[in-house]
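The values are calculated or read from the model by the stated rules, or taken from the named source; none is laboratory data. Note that the coordinates shown come from a computational prediction; the quantities given were computed from them, not determined experimentally. A quick note on method: Cβ atoms are made from the backbone with ideal geometry, for glycine too, and the neighbour counts reach across all protein chains shown. To get the accessible areas, we keep the full protein, side chains included, count just its heavy atoms, and leave off ligands, DNA and RNA. Shrake-Rupley method; radii C 1.70, N 1.55, O 1.52, S 1.80 Å.
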Amino acid sequence: MQKSHFFVTGDPMIYGADASIALATIAIVFFLTKFKKWNWLWREWLTTVDHKKIGIMYLISALLMLFRGGVDAILMRLQLAIPNNHFLPSEHYNEIFTTHGTIMILFMAMPFMFALFNMVIPLQIGARDVAFPFLNAVSFWLFFIGAMLFNISFVIGGSADAGWLSYPPLSEKAFSPGPGQNFWIWGIQISGIGSLATGINFIVTILKMRTPSMRLRDMPLFSWSVLSASIAILGVFPILTVTLAMLTIDRLLGGHFFTMTAGGNPMMYVNLIWMWGHPEVYIVVLPAFGVYSEVVATFSRKRIFGYSSMVFSMIAISVVSYYTWAHHFFTMGAGANVNIVFAICTMIIAIPTGVKIFNWLFTMFHGRIKFTLPMLWTMAFVPCFLVGGATGVMLAAAPADYQYHNSYFLIAHFHQVLIGGVVFGYIAGMYYWFPKIFGFELNERLGKWGFWLWQIGFYVCFMPQYALGFMGMTRRIYTYNDAMGWDMGWAPLNFISTIGAFLMGIAFLFQVWQILYSIKYGKRDVTGDFWDARTLEWSIASPPPIYNFATLPVVKDRDAWWYRKEDMKKAGYKKEPIKFEAIHMPKNTGIPFIMAVFWFIAGFGFTFEWNWMGFAGLIGVAGTLFARSFQYDTDYYISAEEVEQTEKALGRL
């Protein structure tokens, strides 16, 4: 594979990717032109500020990135399946494990999380929108453009190959001179700014946009989990922004923050990146805890056990997560006292996590459990996360960590936590809220095929990796010889692990089939309350109208919709007459999309060190901000008559 040209050449897989991108682009352009959908695309999606549509775009992006990251994982497993394998060139292998980690954390887990934020939170707290709709659209497009900038690197310029956290000195210009590392920096920097803005937006939305009668102690647990994660985002994403800016100065302006030979200190980078990196794990897992809480209560037909302790646990995790980062480098010589402090903090955080596990189990205890797809994914999470948590405590013990460090034991633990905790949770959330957002049911049979293949594949893939770690196999190893493969027993376990990866890939294909099949044949939901659920989002039509609630709901207690349904069943219940009023809404605008395009131009220019192009892009960004400052026609009212007619058409009156 050669990177001396603008386009990456010399690898048949890259040529295949080129052809796939070209064919997909032609197909999309053909479809939009033949069916005259360009105006629809601009009006309904590219310029939308509707949080539900932005959530759907986040969801589609996350699933595409799950596919991309999953293909990378399968390529890595193929490379390691047998000894002395040269399926991938070593340089390409380095790029793939760098890309896989970056995509799965920043461009799959984060947008999946933001999809659920956008699709659910305003509906769950009785709000008609997020606090800052324009900023919400800017956040999405910055994420999307950052993801695109990062992803094109594998066909243009070459991908980064310094690992998903890009430690110096390997990521410095002396050792990574090409544009690949710049793609990594600018892709993450641009999308990271969008992520920080999303955190701010949802903190304000939850604290200020709740329906007036909803007290904090009445708020659903998913909303609490989003508040906790957003607080953590606010605390750590500025650290990521500053760290990447310092690395950019080192690479593009000749700075020496992290170059030891010029007076810098690479350990400063390691500390800074993990001050963001470890809380990031909790940022993505906290909303999954919220999903599990909603799913368990709904399908156990019971109120959640230990609501107050659940809230306290999530807030505690978001705070304590700031004080655990150094456990990632116990072996780097910080000293016994430092290691002890961070070891204790890491172990302490297991306590609130364990509290929640008990609460979910006690909620299920004596419940009338319905084994739907969201519930299956939730129940599968419990044993998986217990193993991940237990192995995490093993890694938190500093003396023992010297044995596990940088081995495949760590790889197995990390995936056990992130797939078992995060991916299982977001898939459960997708299945749970899918009928609400799209208005139709997903095929259960195909979904169960996907579920069981995921579960079998997961354990077949990752359980052998614990053993490989104990047997001395280190992470990021490219290949191994026959003596290690057969005499030391690495080869059979790696081969089994590769089979597991393929099973998970097949499971994902079943899920894609499930969604496509259900778009055509899925049963429409006309009730708005597909699961007979408990929280406010299920009190309105599916899919919800643009204004969400015709009148702001009144909340008297937790599980507001459940207890309102109980009241409606009582003899003599009289529905109060509805007095419709005009509803204030934001207008669509193309500025966020155009601003993101200019960010792409700036990022692309600085990646190739074409400063004229980079500064031109930044001037374009400034121009869009200027234009927004003088944009006064930004909102409108939906009349009371139109709201009433819409509610009648949806069968809500």
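Suppose we filter region 196-206 for residues that are within 17 Å of the chain's Cα centre (by Cα) and open to solvent by 10 Å² or more (accessible area, probe 1.4 Å); how many remain? Give the derivation first.
Step one: filter region 196-206 for residues within 17 Å of the chain's Cα centre (by Cα), giving 196-202.
Okay, now just the ones that are also open to solvent by 10 Å² or more (accessible area, probe 1.4 Å), so 196-197, 200.
Total meeting the criteria: 3.
Take the residues in region 561-601 that are open to solvent by less than 50 Å² (accessible area, probe 1.4 Å) and over 26 Å from the mean Cα position of the chain (by Cα); name whichever of them is nearest to residue 138 (Cα to Cα).
Across region 561-601, the extreme among qualifying residues is 586.
Within region 200-209, is there a residue that is within 22 Å of residue 122 (Cα to Cα) and assigned to a loop (DSSP other than H, G, I, E, B)?
Going residue by residue through region 200-209, those that are within 22 Å of residue 122 (Cα to Cα) are 200-209.
From the residues that got through so far, the ones that are assigned to a loop (DSSP other than H, G, I, E, B) too are 209.
Scanning region 200-209 turns up at least one residue that is within 22 Å of residue 122 (Cα to Cα) and assigned to a loop (DSSP other than H, G, I, E, B).
Quick check: anything in region 22-35 under 30 Å from residue 588 (Cα atoms), open to solvent by less than 50 Å² (accessible area, probe 1.4 Å) and over 28 Å from the mean Cα position of the chain (by Cα)?
Yes; the residues of region 22-35 include at least one that is under 30 Å from residue 588 (Cα atoms), open to solvent by less than 50 Å² (accessible area, probe 1.4 Å) and over 28 Å from the mean Cα position of the chain (by Cα).
State yes or no: is residue 68 loosely packed, with under 14 Cβ neighbours inside 10 Å, in contact (Cβ under 8 Å) with a residue 60 or more places away in the chain and not in a loop (DSSP other than H, G, I, E, B)? If you could, list the steps in order and put the result at the bottom.
Numbers: loosely packed, with under 14 Cβ neighbours inside 10 Å: no; in contact (Cβ under 8 Å) with a residue 60 or more places away in the chain: yes; not in a loop (DSSP other than H, G, I, E, B): yes.
For residue 68, the condition - loosely packed, with under 14 Cβ neighbours inside 10 Å, in contact (Cβ under 8 Å) with a residue 60 or more places away in the chain and not in a loop (DSSP other than H, G, I, E, B) - is not met.
(1) over 22 Å from residue 423 (Cα atoms); (2) modelled with pLDDT of 95 or more; (3) polar (S, T, N, Q): which one isn't true of residue 259, the others all being true?
(2)
Which one of 13, 65 is under 22 Å from residue 155 (Cα atoms) and either more than 21 Å from the chain's Cα centre (by Cα) or among the small types (Gly, Ala, Ser) (or both)? Can you show your working first?
On the way: 65 fails: either more than 21 Å from the chain's Cα centre (by Cα) or among the small types (Gly, Ala, Ser) (or both).
That would be 13, the only listed residue that is under 22 Å from residue 155 (Cα atoms) and either more than 21 Å from the chain's Cα centre (by Cα) or among the small types (Gly, Ala, Ser) (or both).
From the list 281, 295, 242, 270, which one is free of Cβ contacts under 8 Å to residues at least 60 places away in the same chain and assigned to a helix (DSSP H, G or I)? Before you say what the answer is, go through the steps one by one.
On the way: 281 fails: free of Cβ contacts under 8 Å to residues at least 60 places away in the same chain; 295 fails: free of Cβ contacts under 8 Å to residues at least 60 places away in the same chain; 270 fails: free of Cβ contacts under 8 Å to residues at least 60 places away in the same chain.
Just a single option satisfies the conditions, and that option is 242.
Give me the residue from region 1-18 that is in a strand (DSSP E or B) and open to solvent by 50 Å² or more (accessible area, probe 1.4 Å) and, out of that set, modelled with the lowest pLDDT.
Restricting attention to region 1-18, the residues satisfying the condition of being in a strand (DSSP E or B) are 2, 7, 9.
If we keep only those that are open to solvent by 50 Å² or more (accessible area, probe 1.4 Å) as well, we get 2, 7.
On the way: 2: 52, 7: 82.
Ranking the candidates gives 2 first.
If you go through region 432-451, how many residues are within 18 Å of residue 380 (Cβ to Cβ) and in contact (Cβ under 8 Å) with a residue 12 or more places away in the chain?
Adding up the residues that qualify gives 9.
Would you mind stating whether residue 209 is open to solvent by 10 Å² or more (accessible area, probe 1.4 Å) and of a type in the set (A, V, I, L, M, F, W, C)?
Working: open to solvent by 10 Å² or more (accessible area, probe 1.4 Å): yes; of a type in the set (A, V, I, L, M, F, W, C): yes.
Yes, satisfied.
Could you tell me whether region 360-380 includes any residue that is under 19 Å from residue 279 (Cβ atoms), touching a residue at least 60 places away in the same chain (Cβ under 8 Å), in contact with a helix residue (DSSP H, G or I) (Cβ under 9 Å, 6 or more places away or on another chain) and surrounded by 20 or more Cβ atoms within 10 Å (Cβ to Cβ)?
Checked against the condition, which is being under 19 Å from residue 279 (Cβ atoms), touching a residue at least 60 places away in the same chain (Cβ under 8 Å), in contact with a helix residue (DSSP H, G or I) (Cβ under 9 Å, 6 or more places away or on another chain) and surrounded by 20 or more Cβ atoms within 10 Å (Cβ to Cβ), region 360-380 yields no hits at all.
Show me the helices (runs of 4 or more DSSP H) found entirely inside region 84-183 where at least 1 residues are farther than 21 Å from residue 49 by Cα. Steps first, please.
Values: elements: 90-102, 110-124, 133-151.
By residue number, 90-102, 133-151.
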